[in-house]
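Report on the structure given below.
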Amino acid sequence: MELVEESPYRFRIDRHDPMRVPGVVFASRGLLPDVAGDRALDQVANVATLPGIVGASYAMPDVHWGYGFPIGGVAATDVAADGVVSPGGVGFDISCGVRLLTADLDRAALAPVLTALMDGLDVAIPRGMSRGAVWQVADRAELDAVLRGGSRYAVERGHGVPRDLDRCE
């Protein structure tokens, strides 16, 4: 897999058959998957072959091997051009994504508290539906309400605050 470095944080996989569009990876060189040990970049190229794909097959900084579609992969398809909705693109994992948190600390000050911070985030961030989850979906009707209402539904039930709605995708 050949990556073309467009900038320190943007790499391109040039389009080649059967790819319909190029692949674009947003990551620092240090975050790029190991081509020999992680086939996520192959999956980025594979997603670029989807019918109706628009623009490019994208990969975020957390890209890693997934179920056909790389975890951290993003793609848009045009249904009018035979586009598809890929279950792999919607996601099989829970709590796998990129978020930006800011703090008034530099790297040296963060290092001694990083493990405690990560452990605290692990406890504080609700995710999943298994035993111990902070929110149990009671039945099909509630699941439908969650899917229709999205983050607004969650905030209305105390799983967030109104300002969260301004900061979610």
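The values are calculated or read from the model by the stated rules, or taken from the named source; none is laboratory data. Note that the structure is predicted; figures quoted are calculated from it, not measured. All Cβ positions, even for glycine, are placed from backbone atoms using ideal geometry, and neighbour counts span all protein chains on display. Just the protein is used for accessible areas: all its heavy atoms, side chains included, with ligands, DNA and RNA removed. Shrake-Rupley method; radii C 1.70, N 1.55, O 1.52, S 1.80 Å.
Take every pair of alpha-carbon atoms less than 8 Å apart whose residues are at least six positions apart; their mean separation over the length of region 1-77 yields a relative contact order of 27 percent. The ratio of the alpha-carbon radius of gyration of the chain to the globular-protein estimate 2.2 N^0.38 Å is 1.21. Taking 0.36 nm per residue of separation and subtracting the Cα-Cα distance, full extension of the segment from residue 17 to residue 103 would add 26.5 nm. Summed over qualifying helices (DSSP H, 4 residues or more, each -39500 (n - 2.57)) and divided by its residue number, the chain shows a 222 nm mean residue ellipticity of -7500 deg cm²/dmol.
Annotation: per residue accessible area for the chain equals 69 Å², rounded to a whole number [probe 1.4 Å, protein chains only].
Per-peptide packing, taken as the mean over residues of other Cβ atoms within 10 Å, places 108-121, 39-52, 4-17 in the sequence 39-52, 4-17, 108-121 from highest down. The portion of the accessible surface of the chain made up by carbon and sulfur, rounded to a whole percent, is 55 (1.4 Å probe; DNA, RNA and ligands excluded). Once backbone amide H atoms are built at 1.01 Å from N, residue 57 has 23, 24 as its partners under 5 Å, excluding neighbours fewer than 5 places away on the same chain. The heavy atoms of residue 1 present about 90 square angstrom of accessible area, all protein chains included, probe 1.4 Å.
Once you list every other residue whose beta carbon is under 15 Å from the beta carbon of residue 45, what net charge do they have if Lys and Arg are +1 and Asp and Glu are -1? Combined, the nearby Lys, Arg, Asp and Glu give -1. The label-point distance for residue 117 and residue 147, in a model that sets each label 7 Å from Cα toward Cβ, rounds to 3.8 nm.
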